[in-house]
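Chemist: Once you've had a glance at the structure underneath, I'll fire off some questions.
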């Protein structure tokens, strides 16, 4: 891809990183989250936003390190509503998340359970970060120097934190500020109060449980920095040049603003290039998603309805600072149609309205692909039509694929993935009036008079001629039956749909009859 193609926000961000940071041997791009509960699709927006910028940097020949930090040494503050065994979890409130047991009994800890869920699904959408586990790094004393720097400069950090606060929210001048917190060596909780710092490596604390101690930072296992200091400390430690954050962190005077001050004034590191990403809603689910409240949809849920490249497309095709909703209703059909149009433009099968649109659509399509760009365009079967084919064939994906003309071997994987998503959507998400099943048990609709006469006329006069006419010709034959039987077309359609699927409406009739085929139609209509 030519460098001058800056039509996509990821390429614009990559260009800004290079322009502002210069030519580096390594560009470290960071993302991260606390595994306090199910990692939802809103959290995924940060991961894929970084992935898209990483791809854009690599497209410019840059060496990039993509790190994803699990903040699993944070405090377990609340039991999410969607977790089993809440009594077990409640016993571990105020513990570090990495020391909370897995209520599912699958992994070594509560934190590890949520980490595994994410790490196992990210490859499906082509995302392969280097995972960093903050509990391991703190316990391995990776950050001892950073903590000492923070403790030595706590007055300066206090000033940084107060600079954006009004008088009611500032840390009082006479109050001792501590940039670190301690998990008690006796009860493992953070219900501790720091008593003193000897200016070297000794930190004293007491705990509500009655225990107290003076620990050496270089040997202690339970000391960590508070979030607003930990973040800039790690920017300096990892030499991070890019990290986005949600709009809550990017609010005026919020955690990103104070972290920038601490980064520059305490740790001597120019804060990373950033942008604000907005929240994601789920169609039909009001409000912001929250892991701690348990009201979430995760990436696995998305991939059951959207094939991987379309899951990526949802994000690649939307600017990060734009709020949007992910749909599981009939909007799914439109999203697949939009992706297919982008792909047709990218392949030159459909003409873009101008060169700028072509470059933008082509780049969105490229960034939506999971791995190497495919050698062929996808098999362009509309999602709605695929749903009709699947329902007509009782969900038999291979039977549907066998019925399609000219499917290339290189298209089969993507086609099967789309069919699997379509069948899941039909059976689990689609509105009831979209679903249907052909009668195959010899049952009959309760038809009489002109409606019964019309169904028989379709069976005896139209079905035998089906193979000799196209869809338009078949439609004309059907309308002719309505006229002959003195029926409104709508009444005829209702009678035929009742005979075929037991509903008053269904897919476009002539096309539907073509999908079913002459032999099956004759069999279903035989009892009349």
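Chemist: Among the residues of region 108-129, is any in contact with a strand residue (DSSP E or B) (Cβ under 8 Å, 6 or more places away or on another chain), more than 26 Å from residue 278 (Cα to Cα), in a loop (DSSP other than H, G, I, E, B) and at pLDDT 95 or above?
Modeler: No, region 108-129 contains no residue that is in contact with a strand residue (DSSP E or B) (Cβ under 8 Å, 6 or more places away or on another chain), more than 26 Å from residue 278 (Cα to Cα), in a loop (DSSP other than H, G, I, E, B) and at pLDDT 95 or above.
Chemist: Same structure, new question: Pairs needed: first member in region 341-364, on the phi > 0 side of the Ramachandran plot; second member anywhere, surrounded by fewer than 18 Cβ atoms within 10 Å (Cβ to Cβ) and modelled with pLDDT of 95 or more; C-beta distance under 9 Å; at least 6 residues apart or different chains.
Modeler: 348/358
Chemist: Residue by residue through region 326-376, note down the ones that are loosely packed, with under 13 Cβ neighbours inside 10 Å and not in a helix (DSSP H, G or I).
Modeler: Scanning region 326-376 gives 348, 349, 351, 353, 354, 371, 372, 373, 375, 376.
Chemist: Hey, residue 322 hits all of (1) over 24 Å from the mean Cα position of the chain (by Cα); (2) surrounded by fewer than 18 Cβ atoms within 10 Å (Cβ to Cβ) but one; which does it fall short on?
Modeler: Every condition holds for residue 322 apart from (1).
Chemist: What residue, of 431, 507, is touching a residue at least 40 places away in the same chain (Cβ under 8 Å), under 30 Å from residue 326 (Cα atoms) and loosely packed, with under 13 Cβ neighbours inside 10 Å? I'd like the intermediate steps shown before the answer.
Modeler: Details: 507 fails: loosely packed, with under 13 Cβ neighbours inside 10 Å.
On inspection, the qualifying residue turns out to be 431.
Chemist: Read through the list (1) at pLDDT 95 or above; (2) over 30 Å from residue 35 (Cβ atoms); (3) touching a helix residue (DSSP H, G or I) at 6+ places or on another chain (Cβ under 9 Å), then give the number of the only condition that residue 354 fails.
Modeler: All conditions pass for residue 354, except number (3).
Chemist: Suppose we filter region 401-419 for residues that are farther than 25 Å from residue 500 by Cβ, surrounded by 13 or more Cβ atoms within 10 Å (Cβ to Cβ) and without any contact (Cβ under 8 Å) to a residue 60 or more places away in the chain; how many remain?
Modeler: 5
Chemist: Considering region 50-61 alone, what residues qualify as being in contact with a helix residue (DSSP H, G or I) (Cβ under 7 Å, 6 or more places away or on another chain) and within 9 Å of residue 27 (Cβ to Cβ)? Walk me through how you get there before you give the answer.
Modeler: Narrowing region 50-61 to residues in contact with a helix residue (DSSP H, G or I) (Cβ under 7 Å, 6 or more places away or on another chain): 52-53, 55-57, 60.
Selection gives 57 alone.
Chemist: Can you report the number of residues in region 148-170 which are under 27 Å from residue 211 (Cα atoms) and touching a helix residue (DSSP H, G or I) at 6+ places or on another chain (Cβ under 8 Å)? Break it down stepwise before answering.
Modeler: Taking region 148-170 first, the residues under 27 Å from residue 211 (Cα atoms) are 148-152, 154.
In the following step, the residues that additionally are touching a helix residue (DSSP H, G or I) at 6+ places or on another chain (Cβ under 8 Å) were identified as 149-150.
Adding up the residues that qualify gives 2.
Chemist: So which of 472, 490 is touching a helix residue (DSSP H, G or I) at 6+ places or on another chain (Cβ under 8 Å) and surrounded by fewer than 19 Cβ atoms within 10 Å (Cβ to Cβ)?
Modeler: Numbers: 490 fails: touching a helix residue (DSSP H, G or I) at 6+ places or on another chain (Cβ under 8 Å).
Unique residue meeting the criteria: 472.
Chemist: Taking region 54-63 on its own, how many of its residues are in contact with a strand residue (DSSP E or B) (Cβ under 6 Å, 6 or more places away or on another chain) and surrounded by 21 or more Cβ atoms within 10 Å (Cβ to Cβ)? Even if it seems obvious, please write down each step before you answer.
Modeler: Narrowing region 54-63 to residues in contact with a strand residue (DSSP E or B) (Cβ under 6 Å, 6 or more places away or on another chain): 54, 57-58, 62.
Still in the list and also surrounded by 21 or more Cβ atoms within 10 Å (Cβ to Cβ): 54, 57.
So the answer is 2.
Chemist: Looking at region 134-161, which of its residues are under 29 Å from the mean Cα position of the chain (by Cα) and buried (at least 19 other Cβ atoms within 10 Å of the Cβ)?
Modeler: Residues of region 134-161 under 29 Å from the mean Cα position of the chain (by Cα): 134-137.
Correct list: 134, 135.
Chemist: Let me ask something additional. Check whether at least one residue in region 131-151 is more than 20 Å from residue 202 (Cα to Cα), part of a loop (DSSP other than H, G, I, E, B) and modelled with pLDDT of 95 or more, and report yes or no. Spell out how you get there, then give the answer.
Modeler: First, the residues of region 131-151 that are more than 20 Å from residue 202 (Cα to Cα): 131-136.
If we keep only those that are part of a loop (DSSP other than H, G, I, E, B) too, we end up with none.
No, region 131-151 has no match at all.
The values are calculated or read from the model by the stated rules, or taken from the named source; none is laboratory data. Please read these numbers as outputs of a predicted model, since none were measured by experiment. So basically every Cβ, Gly included, is an ideal-geometry build from the backbone, and we count neighbours across all protein chains shown.
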